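Structure first, commentary second.
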Amino acid sequence: MSEAGIREITTPEASSVPSQMPTSTYVATAKDALWNCNRNYARTWYKDDADPDDPGGNYAFQRLRQTWFTPSIKPKFKLHRDDKFYAIGSCFARGLESSLIGRKMAVESAAPEFARLQAVNKEVSGLGFINKYNTFSILNELRWALDPDAVFPVESIAQVEETIWSDPHTNPALRLAGLEETLERRSLMQTVTKRIINCRAVILTLGLVEVWRDIEADVYLNHTPIPSLLRTQKQRYEFHLTSFAQNLANLEATHALLSRYGHPDLRIVVTVSPVPLLNTFSTMDIVVANTYAKSLLRTVAQEWAAAHENVDYFPSYEIVLNSDHAAAGEPDLRHVKGAGAQHIMELFVRHYLE
């Protein structure tokens, strides 16, 4: 190789190293790191002489051959059976709600007021109306419900036809309605969201990093504007592929908000939804776009949990991703089968509930 193709690598002078370097999410002494390794039965991926089909094996290449992946889980804290729960986030949060209710838990987010709402698809519960797909919409909903200085931007509710309006901060699981009914639904949303202040246990599920913004109202939306609005009001909306820093900042603001207005002994379990992105508005292949989104949200969740003693990450995403796809997923390879949700909740209950 010619000298022109070689770049000399030098060690930077001490004075050139920034004084404020980013900090690691976890630092351990050599002694503690070795202790961690020795006590972690799930620390090793592969060993030459191990039987790959041993159903009781602890190596990753053995556990990943099982129908249901069962990770090692070491929760930071315990929850109580008499705690009130609130689940907020993507559609996967609704599945967690159902499992908790089936175990006779008090789940404030699964309000009967929502269940009575008539969904467009009869197979979908009215509870889908409250899904929050991104960290912007999670923070927005909590601010509008809890912060007395936060005002809901009514101007972001868009007129579709003469008597039909669309609230982009909800989920289009319900039929579009007139302005009065749309505002009544909005009021109901905020009434139920306020109940989070009575809940010691909050389960927050992260879903998407692709987010739309209403330029006129200066607010990020919960879902893609409906097609007719994108056709007739193209200048009003813009698409954002959001960053790690933006999503982490939203979660930090959410933590501050719940710490100020929420339960005095608040505990937050954050998860990443295993449900893939349905469509992408980026230039990426949908599989690549989904991998980017889930990887970003997974690392954001880890960073957020590492920063707070009362926030813990639960690996529902890894459980589904590493289980047998035929057993865990529906034919669309997006939604998790009931058996998969049951496996996840059994692990959650076993590790988190006293």
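A few notes on this one:
- On inspection, Ser90 fails the criterion of being modelled with pLDDT of 90 or more and in contact with a Phe, Trp or Tyr (Cβ under 8 Å, 6 or more places away or on another chain).
- Top-ranked residue in the range 235-267 [being among the small types (Gly, Ala, Ser) and not in a helix (DSSP H, G or I); ranked as farthest from the chain's Cα centre (by Cα)]: Gly262
- Some residue of the range 258-276 being of a type in the set (Gly, Ala, Ser) and out of contact with any strand residue (DSSP E or B) (no Cβ under 9 Å at 6 or more places or on another chain): yes
- The residues of the range 282-299 that are surrounded by 14 or more Cβ atoms within 10 Å (Cβ to Cβ), over 12 Å from the mean Cα position of the chain (by Cα) and not hydroxyl-bearing (Ser, Thr, Tyr), listed by number, are Met284, Ala289, Asn290.
- Per-region count, the range 300-340, residues surrounded by fewer than 20 Cβ atoms within 10 Å (Cβ to Cβ), part of a helix (DSSP H, G or I) and either over 19 Å from the mean Cα position of the chain (by Cα) or small (Gly, Ala, Ser) (or both): 7
- In the set (1) among the polar types (S, T, N, Q); (2) at pLDDT below 85; (3) assigned to a loop (DSSP other than H, G, I, E, B); (4) surrounded by 14 or more Cβ atoms within 10 Å (Cβ to Cβ), the condition left unmet by Ser99 is number (3).
- Condition check for Arg63: out of contact with any helix residue (DSSP H, G or I) (no Cβ under 6 Å at 6 or more places or on another chain) and surrounded by 13 or more Cβ atoms within 10 Å (Cβ to Cβ): yes
- Test: Glu184 is among the charged types (D, E, K, R), in contact with a strand residue (DSSP E or B) (Cβ under 7 Å, 6 or more places away or on another chain) and more than 24 Å from Thr232 (Cβ to Cβ): no
- Applying the condition of being closer than 17 Å to Arg213 by Cβ and touching a residue at least 60 places away in the same chain (Cβ under 8 Å) to the range 142-153 and asking which residue is nearest to the chain's Cα centre (by Cα) yields Arg143.
- Matching residues in the range 24-50 - criterion: being assigned to a loop (DSSP other than H, G, I, E, B), open to solvent by 90 Å² or more (accessible area, probe 1.4 Å), of a type outside the set (Lys, Arg) and over 26 Å from Trp304 (Cβ atoms): Tyr41, Trp45, Tyr46, Asp48, Asp49
- Exactly one residue out of Leu117, Leu96 is more than 24 Å from Val219 (Cβ to Cβ) and in contact with a strand residue (DSSP E or B) (Cβ under 7 Å, 6 or more places away or on another chain): that is Leu96.
- Annotation for the range 226-242: at least one member residue is over 30 Å from Arg195 (Cα atoms), open to solvent by less than 30 Å² (accessible area, probe 1.4 Å) and among the hydroxyl-bearing types (Ser, Thr, Tyr).
- Qualifying residue in the range 116-123 (condition: in a loop (DSSP other than H, G, I, E, B), open to solvent by 20 Å² or more (accessible area, probe 1.4 Å) and under 25 Å from Phe348 (Cα atoms)): no
- Within the range 154-190, being without any contact (Cβ under 8 Å) to a residue 60 or more places away in the chain and in a strand (DSSP E or B) holds for Gln159, Glu161, Ile164, Trp165, Leu174, Ala177.
- Looking only at residues in the range 191-229 that are part of a loop (DSSP other than H, G, I, E, B), over 22 Å from Ala87 (Cβ atoms) and not acidic (Asp, Glu), the one that is nearest to the chain's Cα centre (by Cα) is Thr224.
- Residues located in the range 181-222, provided they are open to solvent by 40 Å² or more (accessible area, probe 1.4 Å), more than 15 Å from Ala111 (Cα to Cα), at pLDDT 95 or above and not aliphatic (A, V, I, L, M): Arg213, Glu216, Asp218, Tyr220
The values are calculated or read from the model by the stated rules, or taken from the named source; none is laboratory data. No experiment lies behind these values; they were computed from the predicted model shown. For neighbour counting, all protein chains shown are included, and Cβ atoms are generated from backbone atoms with ideal geometry for every residue, glycine included. Note: accessible area is taken over every heavy atom of the protein model, side chains too, but ligands, DNA and RNA are not part of it. Shrake-Rupley method; radii C 1.70, N 1.55, O 1.52, S 1.80 Å.
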